[in-house]
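The values are calculated or read from the model by the stated rules, or taken from the named source; none is laboratory data. All values derive from a computational prediction rather than experimental measurement. Note: ideal-geometry Cβ built from the backbone for every residue, glycine included; neighbour counts use all protein chains shown. Quick note on the areas: whole protein, heavy atoms, side chains included, nothing else; ligands and nucleic acids left out. Shrake-Rupley method; radii C 1.70, N 1.55, O 1.52, S 1.80 Å.
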Amino acid sequence: MADTEDTNAAVWKSDIGVTFWKSTQDEREQRRAGHRQLMAELLPFAVDEPFTFADLGAGTGAASRVILDHFTAAQAILADFSAQMMAQGEVELKPYEGRYHYVEFDLAAAGSWPAGLPDPVDAVISSLSVHHLNDARKQSLFAEILAHLAPGGWYLNYDPVAPPDAVVEEAWLRAGDRQDPAAAAKREHRSPEEQFRYENHVRYMIPLDPQLGFLRAAGFEGVDVFWKNLSYVIYGGRRPLA
């Protein structure tokens, strides 16, 4: 676990890391807008129904902003471990003042959830953060999420996954390179900083099927893959009503 914390901190708790994130944010979020919208549409609330959701590994709040736009009475608790990302999030979330707050929470550390996270919450989301956790922590986090959800509450995760075998990996690369003709050159000419970020990005990434198994083993029902495009997926499930 120390390796998880140290390497993630080197990326996400540095001013350089956040500056890089901001510099690529517009193009990245434009690609992901539809995916985040689907996450909102999967939640079982009326558009004007009050509810509280937790956004784990929230970063600057990109996923929360989409849900807050979709559900006009929703309240968000954004949990992150990077002071730099949370500070940037406070800037970007200005239009939602009074409808959200941040709590400090290192997803890699198992144990008690921060006092600022209500118990229970009506829904939990995570976006591009769970793949940074090793398998044991993925499993314990899913169990913690279930325990903190209200009965009938949903958990949804938007994340990259690893290919299950070399044949699938080749197909993903082939399709990705056709969609982005510059992708191969980017892979082959990473700067040392880009290589460091890439290695941190993939080191705990695993295929999809085991993660669905982790959810079921934690006690979730209705576990499904609600969207998938090559290595990116939205999956999740519901805490049983009883």
The stretch 72-87 residues that are touching a residue at least 24 places away in the same chain (Cβ under 8 Å) and surrounded by 23 or more Cβ atoms within 10 Å (Cβ to Cβ), paired with ones that are among the polar types (S, T, N, Q) and in a helix (DSSP H, G or I) (beta carbon under 6 Å, 6 or more apart): Ala76/Ser64; Leu78/Ser64
Among the numbered criteria (1) buried (at least 17 other Cβ atoms within 10 Å of the Cβ); (2) of a type in the set (Val, Ile, Thr); (3) over 21 Å from Arg65 (Cα atoms), which single criterion is violated by Val130? (3)
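Residue by residue, here is whether (1) farther than 20 Å from Gly153 by Cα; (2) open to solvent by less than 30 Å² (accessible area, probe 1.4 Å) holds:
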| position | (1), (2) |
| --- | --- |
| Leu93 | yes, yes |
| His101 | yes, no |
| Ala108 | yes, yes |
| Ala115 | no, no |
| Pro120 | no, no |
| Ala123 | no, yes |
| Ser126 | no, yes |
Candidates Arg32, Arg65 - the one that is modelled with pLDDT of 95 or more and under 17 Å from the mean Cα position of the chain (by Cα): Arg65
Which of the numbered conditions does Leu215 fail, given that it passes all the others? Conditions: (1) open to solvent by less than 60 Å² (accessible area, probe 1.4 Å); (2) of a type in the set (A, V, I, L, M); (3) not in a helix (DSSP H, G or I). (3)
If I filter the stretch 154-170 down to residues being of a type outside the set (S, T, N, Q) and within 18 Å of Gly57 (Cβ to Cβ), which single residue comes out as surrounded by the most Cβ atoms within 10 Å (Cβ to Cβ)? Tyr155
Members of the stretch 90-113 that are closer than 19 Å to Leu128 by Cβ and not charged (D, E, K, R): Leu93, Tyr100, Tyr102, Val103, Phe105, Leu107, Ala108, Ala109
Checklist (1) part of a loop (DSSP other than H, G, I, E, B); (2) touching a residue at least 24 places away in the same chain (Cβ under 8 Å); (3) of a type in the set (S, T, N, Q) applied to Ser112, failing item: (2)
Count of the stretch 84-137 residues which are small (Gly, Ala, Ser) and in contact with a helix residue (DSSP H, G or I) (Cβ under 6 Å, 6 or more places away or on another chain): 3
Any residue in the stretch 179-207 that's part of a helix (DSSP H, G or I): show its pairings with residues that are modelled with pLDDT of 85 or more at Cβ separation under 6 Å, as long as the two are six or more apart or on different chains. Ala183/Gly176; Ala183/Asp177; Ala184/Asp177
Here the residues within the stretch 138-168 that are part of a helix (DSSP H, G or I) and under 19 Å from Ala217 (Cβ atoms) are Lys138, Gln139, Ser140, Leu141, Phe142, Ala143, Glu144, Ile145, Leu146, Ala147, His148
